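The values are calculated or read from the model by the stated rules, or taken from the named source; none is laboratory data. Please read all numbers here as calculations on a predicted model, not as lab measurements. Because the Cβ atoms are built from the backbone with ideal geometry, glycine has one as well, and the counts that use them run over all protein chains shown.
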Amino acid sequence: MDLRRYIKLYAALWKNSVTREMSFKGNFILWIVVELLWFGLQLSFVSVVFSQTETVGTWTRWEMVLLVGASNFIQQLYQAFFLTNCTNLSELVRTGKMDFLLLLPANTRFLVSLRVVDLGAFVNALFALCVMVYAAGKLQLHPQAVQILGFLALCGVGILIHYSLMFILATISFWTVRAQGIVWGYYNLFNIARMPDEAFRGAFKGVFTFALPVLLVSNVPTRVLADKASSPASWALLLGLGLVWAGISEWFWRLSVRRYTSASS
């Protein structure tokens with residue numbers, strides 16, 4: 001794959017996304033406001049919880065605020081790059097527009113996954129980052145460069161896991177034609193990520209740690225920043241699950257494309 005060619009192609013996709021967003025400025029601003037209000041409700045939930053208790057497991061009030069901020073940061077970055085594209089895959093199949101993408105002289109999965117960029121999500125990710133900085137100040141945390149780089153790297157792995165899992169669900173549309181309900185169902189599970197992993201027990205914790213690792217995606221990076229990471233085992237687990245789900249999603253994508261019979265068939 002010619003890296004420079006794909007960088008130029010992605011730059012063109014960005015330019016198209018900017019043009020589209022600026023054509024509907026009201027919608028762009030309104031969506032940012034809605035997301036910020038939802039983020040504010042999540043932070044209010046922390047206040048409700050800690051009005052009844054001093055800690056959740058070993059997590060204090062400001063550590064949980066840090067976790068909510070990190071969870072929203074990861075979610076918004078995922079939304080910026082991948083969410084719209086994953087949810088639109090079933091429409092590409094239903095309307096036959098997938099025919100056009102398959103004929104283009106570029107990797108089809110690249111085009112399907114990255115053709116639209118949600119610019120408003122970057123603004124919301126910045127607000128989440130500000131909340132994290134404020135919470136870190138309350139906790140008197142002074143993360144070193146290695147911790148910050150580790151946090152960002154683990155966030156990247158978390159985004160990869162979210163993308164791989166949601167892309168697998170989106171490709172079900174090659175069988176069912178419509179799969180938005182399934183995709184948005186997984187997206188709603190993101191809300192679990194803002195909770196401390198210590199708040200859960202038994203089979204529920206096992207499912208959302210190993211099968212659908214939404215708890216790991218936000219808890220592990222936050223532990224790195226908050227000096228709560230007791231061992232590198234959780235890092236290795238998150239990275240391993242990222243590689244596994246990325247491999248499964250690629251296999252499932254190729255299997256799904258072979259089933260596609262185009263709109264004219």
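Using the structure shown, decide if Ala193 is in a helix (DSSP H, G or I), without any contact (Cβ under 8 Å) to a residue 12 or more places away in the chain and within 21 Å of the chain's Cα centre (by Cα).
No: the conditions fail for Ala193.
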Glu198 vs. criteria touching a strand residue (DSSP E or B) at 6+ places or on another chain (Cβ under 8 Å), assigned to a helix (DSSP H, G or I), surrounded by fewer than 19 Cβ atoms within 10 Å (Cβ to Cβ) and at pLDDT 80 or above | yes
Are any of the residues in the stretch 162-175 closer than 18 Å to Val68 by Cα and surrounded by 16 or more Cβ atoms within 10 Å (Cβ to Cβ)?
-> yes
Selection from the stretch 140-151 of residues that are under 22 Å from Leu77 (Cα atoms) and loosely packed, with under 13 Cβ neighbours inside 10 Å | Ala145, Val146, Ile148, Leu149
The stretch 118-134, residues that are under 15 Å from Phe82 (Cβ atoms), surrounded by fewer than 18 Cβ atoms within 10 Å (Cβ to Cβ) and in contact (Cβ under 8 Å) with a residue 60 or more places away in the chain = Leu119
Given the residues Ser249, Ser234, which is the only one that is at pLDDT 85 or above and either part of a helix (DSSP H, G or I) or within 18 Å of the chain's Cα centre (by Cα) (or both)?
-> Ser249
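Search the stretch 77-90 for residues being of a type outside the set (Val, Ile, Thr) and free of Cβ contacts under 8 Å to residues at least 40 places away in the same chain, and hand back the single one that is surrounded by the most Cβ atoms within 10 Å (Cβ to Cβ).
Looking at the filtered set, the residue picked out is Asn85.
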Sole residue being buried (at least 21 other Cβ atoms within 10 Å of the Cβ), within 30 Å of Val33 (Cβ to Cβ), modelled with pLDDT of 90 or more and small (Gly, Ala, Ser), chosen from Gly158, Gly137 | Gly158
Breaking point among (1) exposed (fewer than 14 other Cβ atoms within 10 Å of the Cβ); (2) at pLDDT below 90; (3) closer than 29 Å to Ile148 by Cα; (4) under 25 Å from the mean Cα position of the chain (by Cα), for Gly57 = (4)
